[in-house]
Amino acid sequence: MKAFLLLVTWFAQGQPPSNYQAPFNSAEACETARSAVLADGRRLQAEALQRAIAAHGDNQQARFFAIAPTVTAVCAAQ
């Protein structure tokens, strides 16, 4: 059985990157976790946009003020 690592890096404005790794026994389990991490990133970005819209009203202007972390995630075979 081949082992897999999920490599995750979060980028937040004004902060150094934060990264971690998580081991998995299958590519499918790693991909499921990767999808969940990326979904969390999309959720945080959507929440930041909603806060910016509430504060600034206009959607185009709000996108400029929507500050949220960005995430990268990749599964790699060990």
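Consider a paramagnetic label point 7 Å from the Cα of residue 13 along Cα→Cβ; state which residues of the stretch 54-74 have an amide N under 16 Å from it. Within reach of a label on residue 13, which here means backbone N under 16 Å from a point 7 Å along Cα→Cβ, the stretch 54-74 contributes 54-71. Taking every C-alpha pair closer than 8 Å and separated by at least 6 residues, the mean separation divided by the residue count of the chain gives a relative contact order of 44 percent. Helical content of the chain, expressed as a calculated mean residue ellipticity at 222 nm, amounts to -16000 deg cm²/dmol (DSSP H runs of 4 or more residues, -39,500 (n - 2.57) each, divided by residue number, nearest 500). A dipole drawn for the stretch 3-54 from +1 and -1 charges on Cβ atoms has a positive end, and of 32, 6, 44 the residue lying farthest that way is 44.
Exposure proxy for 40, 58: other Cβ atoms within 10 Å of each Cβ, ordered fewest to most, give 58, 40.
Residues with beta-carbon under 12 Å from that of residue 52, excluding residue 52: net charge, scoring Lys, Arg +1 and Asp, Glu -1? Summing Lys/Arg as +1 and Asp/Glu as -1 gives 0.
Only the coordinates and a few stated rules stand behind these numbers; no lab work does. Keep in mind that what you see is a predicted model, and the values were worked out from it rather than measured. With ideal geometry, Cβ positions are generated from the backbone for all residues, glycine too; neighbour counts draw on all protein chains shown.
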